[in-house]
Amino acid sequence: MKFLAWDETLFRNPEVFDPDYLPEEYLHREPQLSRLAANLSPATRGAAPVHTLCLGPPGTGKTTAVKLVLKELEEYQQVVPVYVNCQIINTKQQVFIRIFEQVVGFSPPSFGTPFQKIYYKIMNKVVEEKKVLVVALDDINMLLDDKIMNEVLYAILKAHEEVEGVKVGVIGVATDMKLSAKLDERVGSIFHYDEVMFPLYGRDEIEDILRKRIELGFYPGVVTEEAFQKIVDLTNESGDLRLGIYLLKLSGIEAERRGSRKLEVQDVENVCGKSRIIYLKKSIGALNEFERELLEIIYRSDDLQTGELYELLSGKHKLGYTKFYEMVEKLENLRLIDLIYAPTGRKGRTRIIMKRYDPELLLEALKTL
């Protein structure tokens with residue numbers, strides 16, 4: 001076997017495997033991109049765009065699609081596109097500071113600036129410069145709570161009534177498939193949106209996308225077919241394309257560490273556990289302390305019915321069933337658990353909570369947060 005010299009690498013372009021990489025050719029999401037572009041096209045002509053809600057499980061291409069369209073909007077001087085990651089920027093004040101920075105061009109004072117001052121400065125600037133404001137709220141369901149989500153949406157959607165001449169568009173991105181049910185009456189009456197669905201990738205689609213990343217990111221012949229199929233299988237099993245991209249990167253680094261000119265199955269196997277923990281930590285990071293406690297109970301128990309789990313948790317905390325069920329659905333939306341209907345006596349049905357991951361792996365990820 002020939003080994004790598006100290007200054008050799010298997011990677012043609014390692015940036016292809018970075019989380020924020022935007023591909024020039026975005027495979028298997030053409031319909032979604034077309035819908036997004038059509039909804040936002042009025043903004044390029046100085047008119048208010050169609051509000052859009054992008055829904056789908058984690059790792060199905062929602063963020064990349066939105067970022068690609070926002071990047072195109074940057075070419076139009078009459079549009080101010082703003083991207084907000086609500087997992088990090090998760091309060092009303094933080095969201096509007098982010099919008100302020102993009103619209104005004106600098107940050108407001110860190111402390112003591114009233115919300116109203118920030119808000120009206122944004123909207124007046126938009127009108128003064130005759131621009132259209134497009135705000136993408138990624139992982140909007142990860143704002144601190146539903147109340148804040150509604151406040152943020154209401155403030156943006158009602159801007160035209162607060163400042164005459166304001167034109168705004170909202171792109172919401174969420175893993176919560178029932179997000180519309182969490183909109184309060186005020187928001188629901190004015191948030192008229194086009195819903196764009198992002199389903200899970202099929203195995204063939206995963207294979208196409210990962211082959212393209214290999215073509216762009218590695219030198220020819222580096223990745224063995226056996227190793228590649230192993231990564232495709234693991235990605236398909238997880239339902240999260242991001243895992244496959246990260247596995248390619250980490251496996252390539254592992255092959256280089258061995259001094260090999262080939263990325264082989266042993267490299268994938270050596271990094272598989274670490275990669276899964278990293279992606280589990282990302283999903284778990286979107287949970288609050290109460291939701292993490294619920295997740296830990298599930299993974300330390302045998303398979304439970306939802307009623308049994310509610311009794312376990314409500315024995316420790318004051319908790320209504322509606323709030324409890326919202327928490328369970330959030331865990332399902334993040335693909336940390338599965339909910340399976342099962343028959344009960346007298347033609348009834350209940351839901352069984354099934355673990356998606358090896359309990360030892362998930363509990364290890366919980367422990368490291």
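Bear in mind that the values in this text are calculations on the coordinates, not laboratory data. Values in this document were obtained by computation on a predicted structure and should not be read as measured data. Please note: Cβ atoms are built from the backbone with ideal geometry, for glycine as well, and neighbour counts cover all protein chains shown.
When the GluC sites (Glu not before Pro) in the range 14-83 are filtered for DSSP coil states and for at most 15 other beta-carbon atoms within 10 Å of their beta-carbon, the remaining sites are E24, E25, E74, E75.
Using the per-residue mean of other Cβ atoms lying within 10 Å as a proxy for protection, in what order, highest first, do the peptides 92-100, 290-298 fall? Each step should come with its number before you reach the end.
Working: 92-100: 20.2, 290-298: 18.3.
Per-residue mean Cβ counts within 10 Å order the peptides as 92-100, 290-298.
Backbone phi angles across the range 99-106, fed through the Karplus curve with coefficients 6.51, -1.76 and 1.60 (θ = phi - 60°), yield HN-Hα couplings of 5, 4, 4, 6, 7, 8, x, 8 Hz in residue order; Gly and Pro are listed as x.
Considering every alpha-carbon pair of the chain, the percent of pairs per 10 Å bin, from zero through the bin containing the longest distance, is 5, 21, 27, 24, 17, 6, 1, 0.
A protection proxy built from the mean count of other Cβ atoms within 10 Å ranks the segments 185-196, 249-260, most packed first, as 249-260, 185-196.
Can you tell me the alpha carbon radius of gyration of the range 40-121 divided by the globular rule-of-thumb value 2.2 N^0.38 Å?
On the way: Rg = 14.5 Å, N = 82, 2.2 N^0.38 = 11.7 Å.
It is 1.23.
Using only Cα atoms, figure out Rg for the range 243-369 and give it as a multiple of 2.2 N^0.38 Å. Kindly include the intermediate steps, with their values, before the conclusion.
Numbers: Rg = 18.3 Å, N = 127, 2.2 N^0.38 = 13.9 Å.
Here the Cα radius of gyration is 1.32 times the empirical estimate.
The phi-based Karplus calculation (6.51 cos²θ - 1.76 cosθ + 1.60; θ = phi - 60°) puts the 3J(HN,Hα) values of the range 66-78 at 5, 5, 5, 6, 5, 4, 5, 5, 4, 6, 9, 5, 7 Hz, whole numbers, x for Gly and Pro. Phi angles across the range 321-338 convert, under the Karplus curve 6.51 cos²θ - 1.76 cosθ + 1.60 with θ = phi - 60°, into 3J(HN,Hα) values of 5, 4, 5, 4, 5, 4, 5, 4, 5, 5, 5, 5, 4, 7, 6, 8, 9, 10 Hz, Gly and Pro given as x. For the peptides 310-316, 277-283, 201-207, residues were scored by their other Cβ atoms within 10 Å and the scores averaged per peptide; the highest-first order is 277-283, 201-207, 310-316.
Which translational diffusion coefficient, to the nearest whole µm²/s, is obtained for the range 1-85 from the Stokes-Einstein equation, given a Kirkwood hydrodynamic radius over C-alpha pairs, 20 °C and 1.002 mPa s?
My calculation gives 139 µm²/s for D.
Per-residue ellipticity at 222 nm for the chain, helices alone: DSSP H runs ≥ 4 residues times -39500 (n - 2.57), over residue total, nearest 500 deg cm²/dmol?
Working: 15 runs with 179 residues, N = 369.
Computed mean residue ellipticity for the chain: -15000 deg cm²/dmol.
May I ask for the percentage of alpha-carbon pairs in the range 159-251 that lie more than 15 Å from each other? More than 15 Å apart: 70 percent of the Cα pairs in the range 159-251.
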